[in-house]
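Take a look at the structure below.
The values are calculated or read from the model by the stated rules, or taken from the named source; none is laboratory data. In this text the structure is predicted, and so the values were computed from the model without any measurement. Every residue, glycine as well, gets a Cβ built from its backbone with ideal geometry; the counts of neighbours run over all protein chains shown. For accessibility, only protein heavy atoms count, side chains too; no ligands or nucleic acids. Shrake-Rupley method; radii C 1.70, N 1.55, O 1.52, S 1.80 Å.
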Amino acid sequence: MKSRISFFDATALKKDITRFLPVWMIYTIGGLLVAFSTAMGYGKDYRFAGDLNEMIGRFGMINICYGGLTAVLLFGDLFNTRLCNALHAMPLRREGWFFTHITAGFLFSAVPNLLITLLIMPALGKFWFTAFWWYLGMELHYVFFFLLAVLCCMCAGKWFAAISMYAIVNFLSMIVMWFASTVFQPMMYGVKISIDGFSLFSPVVQLVNEDNFFRIEHNAECLCHKKDSYYWETSGKEHIYDYLGTGESWAYLSIIAAIGLAFGVLALVLYRKRHLETAGDFVAFRPLHPVFAVIFTLCAGALLQMVGGAVFGDGNYLFGIIGIIVGFFVAQMLLMRTVKVFRGKNWLFLGGIVAALVLSLVLCRADIFGIVHWTPDADDVVDVKVAEGQFEEWYPSTDYYTVTEPDEVQAVIDIHKLLIAEGPVDERDNYNGSRYFTLCYTLADGREVRRYYRADYEGEAFNRLNAMFFGRPDYILGATTLEQLQQMTEYLFVEGHQLFAETKDALLECVMQDVLSGTLSTRGDKYDSYVGYVELSRYNGIMKYFDVTDRAKNTAAWLKSWMKLAANPGYVRDNATAIAIDGVTLSMNPEDERFASFLDAWEQDHMSGWLFYNAYKDQSLYQMVITLQFGDVKIPIGIYDYAENLCAWQKQA
């Protein structure tokens, strides 16, 4: 009589559930804590719903751990020789064990997440149904992570090996990017390897950036005053928030879930072909040995190369070579379970890896694909952005020029060619005499190509850039008049000390004069005549830094007097040439008791630390303006009631 084939065993399922019940409980409690802390933190149902949309992707960081742990626990018998042989001697077929564990694994996620979904629904108010979108998203990326972990368990003979493979596969694209950035990028002048294309193949990284699963937005306004949990009051108006449908992030999530199902099918195939005696081996299938050895070797080489590059510079590959050798033989020891790995065939294998790597480095240095020396034709360029610093994304606070005119585009391309001809600038040898900037081309075919360079101040390329962009007053200050500059400047710092009100405006006047005269710019100068630095922040978030030298006569003189004034309580007594109180000149006759008492009050408040504790002009605190003159330098200082002695002096006067 033919035996009935079973693909499921209820007893084994019950054992899986009860045996690992604590894992369910920890996952459930953790999920509830995160969800309810988010709900209580916002207090509004529409805000909680909007954050729930972002949590779908971010919870991938939890499921990558939970899915991997669940798979290792359920298929843990494959890593113990005695237990593996004992269980597989039972009448239950491998398919039965496989589908029973898979069912338990899905229940490990479906039941806790359903419980969390039902409990958070009341906090979502009229957006209660978005909890089920969250539930669907959680289950889809759990399918990927769990079944990928199951596949890794089939390929490994030790739990440590399964976890290692799981981590490597999840982050393989990022490892490739890291290796290329560490080894190849230093030889590719102007090129920076972007994470964008690589993150698509690393779901846990990509999911963090996926936040368009559904939309909760305000689509109407009313002038009513009714307070309701669905409204948000702003300037007398209330925004009504509504659910506006699903977003495009579901496409990526559905694709990785389908890939996860394919991993599950492949895991079943490998499980049926797996030899039980491989339990305890690092890798269960011999054809995977060289794959693991190569990946482990290159990772070790890139890791040590990164350390060596940070210490000795990017051009030194000694640490990378050492890392490759050590990594290769450590990988062989793990695979062969012995330290006797220094054999002829292993040396040949290592030689092949090194030869392939050296060949790729030679080809990269030769730029056979023309990546480093690439420049576009002006006719193919829609526009080109030129910005200080290195920007992989453009933000509202990014300060840049957009060039669209054909002759200006061609001028930028000519500068680009000149930069390639001048070659790299060693940042450590010429940090204060060079500057980073970014070129971003938008091409007619829709592509966007970025190049990143560091230009030497003495080079022809920088001189052209400075004349065309960075040296222009409207670029340096973002304003063409003093009034515009004062209105646009939100914060102003001198050597880290913030200036306010009249004091800020006085320094801005000096900065404007020197910028217009060409003696002050953000490029920096040699430090043989360095005076101090000024940091200017606009209301749009753009910040400018000025290293002030004696070339900037007005700003330098003002800073010198200001820093001495701030450091020395007696500087006014010894050096002031004129003093005015609210525009009225104060007699500086040493015999005048009013002048003497002013100096005493000034020095007492200076030593107390409250003299320069200014705030934005608040009439309830604001008392007077003291204008101090040192030669040609005038420094107005707003006095607030924190300066008790000066305020008392004013009342007596």
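Of the helices (runs of 4 or more DSSP H) entirely within region 441-554, those holding at least 1 residues that are more than 30 Å from Tyr640 (Cβ to Cβ) and open to solvent by less than 50 Å² (accessible area, probe 1.4 Å) occupy 460-465, 473-477, 501-517.
For region 129-167, a residue qualifies if it is over 16 Å from Phe106 (Cα atoms), within 31 Å of the chain's Cα centre (by Cα) and open to solvent by 40 Å² or more (accessible area, probe 1.4 Å), and the qualifying residues are Phe132, Trp133, Phe160, Ile163, Ala167. Summed over region 555-585, residues that are part of a loop (DSSP other than H, G, I, E, B) and either free of Cβ contacts under 8 Å to residues at least 12 places away in the same chain or farther than 12 Å from Leu628 by Cα (or both) total 3. Among the residues of region 350-359, not a single one is open to solvent by less than 60 Å² (accessible area, probe 1.4 Å), within 30 Å of Tyr441 (Cβ to Cβ) and at pLDDT 90 or above. Pairs needed: first member in region 507-520, closer than 12 Å to Phe546 by Cα and hydroxyl-bearing (Ser, Thr, Tyr); second member anywhere, open to solvent by 10 Å² or more (accessible area, probe 1.4 Å) and modelled with pLDDT under 90; C-beta distance under 6 Å; at least 6 residues apart or different chains. Final answer for the pair search is Thr519/Arg551. Contact annotation: residue pairs with Cβ atoms under 6 Å, 6 or more positions apart or on different chains, pairing a residue in region 409-421 that is free of Cβ contacts under 8 Å to residues at least 60 places away in the same chain and under 15 Å from Gly190 (Cα atoms) with a partner that is surrounded by 15 or more Cβ atoms within 10 Å (Cβ to Cβ) and hydroxyl-bearing (Ser, Thr, Tyr), are Ile413/Thr375; His416/Thr375; Lys417/Thr375. Every condition in (1) within 27 Å of Arg274 (Cβ to Cβ); (2) surrounded by 18 or more Cβ atoms within 10 Å (Cβ to Cβ) is met by Phe201 except one, and the failing one is (2). So which residues in region 361-370 are surrounded by 13 or more Cβ atoms within 10 Å (Cβ to Cβ) and either of a type in the set (A, V, I, L, M, F, W, C) or in a helix (DSSP H, G or I) (or both)? Residues satisfying the conditions are Leu361, Cys364. If you check Gly280, Gly301 for being among the small types (Gly, Ala, Ser) and closer than 30 Å to Asn85 by Cβ, only one passes: Gly280. If the condition is being under 16 Å from Gly68 (Cα atoms) and surrounded by fewer than 22 Cβ atoms within 10 Å (Cβ to Cβ), then region 103-114 contributes Thr103, Ala104, Phe106, Leu107, Ala110. Close contacts from region 159-179, counting a first residue that is hydroxyl-bearing (Ser, Thr, Tyr) and a second that is in a helix (DSSP H, G or I) and open to solvent by less than 30 Å² (accessible area, probe 1.4 Å), with Cβ to Cβ under 7 Å and a gap of 6+ residues or different chains, come to Tyr166/Gly68; Tyr166/Leu148; Tyr166/Ala149; Tyr166/Cys152.
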